[in-house]
Amino acid sequence: MNAKLLAPAIALFVVACSSFAFSAAYNNNNNNAAAQKEPPHYDPVVVRFESAKRQRLGGNDIMVISGAEALSGKQRQFGVANREPQDKKGPMKYDPKAEVSSVVEKMQPGEFLKVEIKADKNGSVLWADKVTVYTPQEHEQEPNVYLWDGGYKDTVSGQDVFKIELVKMGQRFVTYVQMVAGGEKGKQMVADPAIVAVAEGMEKNKTTSKAKKGSEPQKDIVEATITGSEKAMFVTSLDAYQAPRQATFTKVAEAEVEGQKGQAVELDEGGKTVTAMIPGKLMNKRWVSDVNLVAEAKKLKPGTAIVFKTREVEGKTYLRALAAAPKETAKPAAKTADAGKAKSGNEQLLPDKKK
């Protein structure tokens, strides 16, 4: 069973548990038709703040917070309840909760706001119950960068798995380490030992600083590749965060990788020669290098300024990412036909300049 096969198995397991929980809840309330309906639960969300305006909602005069989700860009609106007591005989008076209005009234468009959501019984109106200004941790907004929140062994439907919990812009990701062949003759599927080793090292050495009043605690940052659906997300690579390094490309050379003929790149990093092997995997007893990294390397000419990242595995240096340095870094950039196009994954090695 590989990651693709395990994903639906875990998803079905989660759905089955949810169905059981729903059935139990229904049976417990079956003899009490008048039981109070619980309002739906929503996880907190971080939005890029746009405005907090007075407007009418459901016939009431209230404050409405507008913004876009930090990760998805989805537009969101949240009402701010008026303070009690209100005159129940007349129309509701505009008097938004001070603990919410006092925060948003000081905010500028573009700043981040973490909203703890409270829903009415029907879920038709979402209220900003509590809000705090959200300050992203350094590098948090870069592609594939997450805050480390834990790694641990677990069992799902009789299968031993390793879970990793990550956070990015207030959103939590509960993921599984990808499954690979292990045991005798590769028949048994196990959580990828290389990723588990990194995760256990992160967990052992993790540092969570105390948060200042009204701010989020600082956590270790990692780089991870996540695939799969929301119910079964898999981590296929994991590393401690590494800032992009700058060098000059020399050449692609042959190299021995795990006893097989493979490829490596040679770089000149400030006068020091760096040889980084291109990762890959064994297929039919033959080493197959990562096609994307090979393609990026073969685009480069000797002497090209580049940015790159590496990882150390059993005392050997492997390439993680490679791309030509942005033109504005090497020399003044001229406007080209490519201006305004979306960045490729490799071009995202460096964060956008602050405007």
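Values quoted throughout were computed directly from the atomic coordinates according to the rules given, and no laboratory measurement underlies them. Predicted model, so just to flag it, every value in this text is computed and none were measured. A quick note on method: Cβ atoms are made from the backbone with ideal geometry, for glycine too, and the neighbour counts reach across all protein chains shown.
Observations, loosely collected:
- Over the range 245-331, relative contact order from alpha-carbon pairs under 8 Å, at least 6 apart, %: 28
- P(r) tail fraction, the range 245-331 - alpha-carbon pairs more than 18 Å apart, %: 39
- Estimated inter-spin distance, Asp268 and Val313, nm [label 7 Å along Cα→Cβ]: 2.9
- Lysine pair count for the range 245-331 (Cα-Cα distance under 17 Å; residues 8 or more apart in sequence or on different chains): 16.
- Projected area averaged over orientations for the range 209-288, convex hull of C-alpha atoms, nm²: 9.8
- Overall Cα dimensions of the range 45-134 - principal axes, largest extent first, Å: 43, 29, 18
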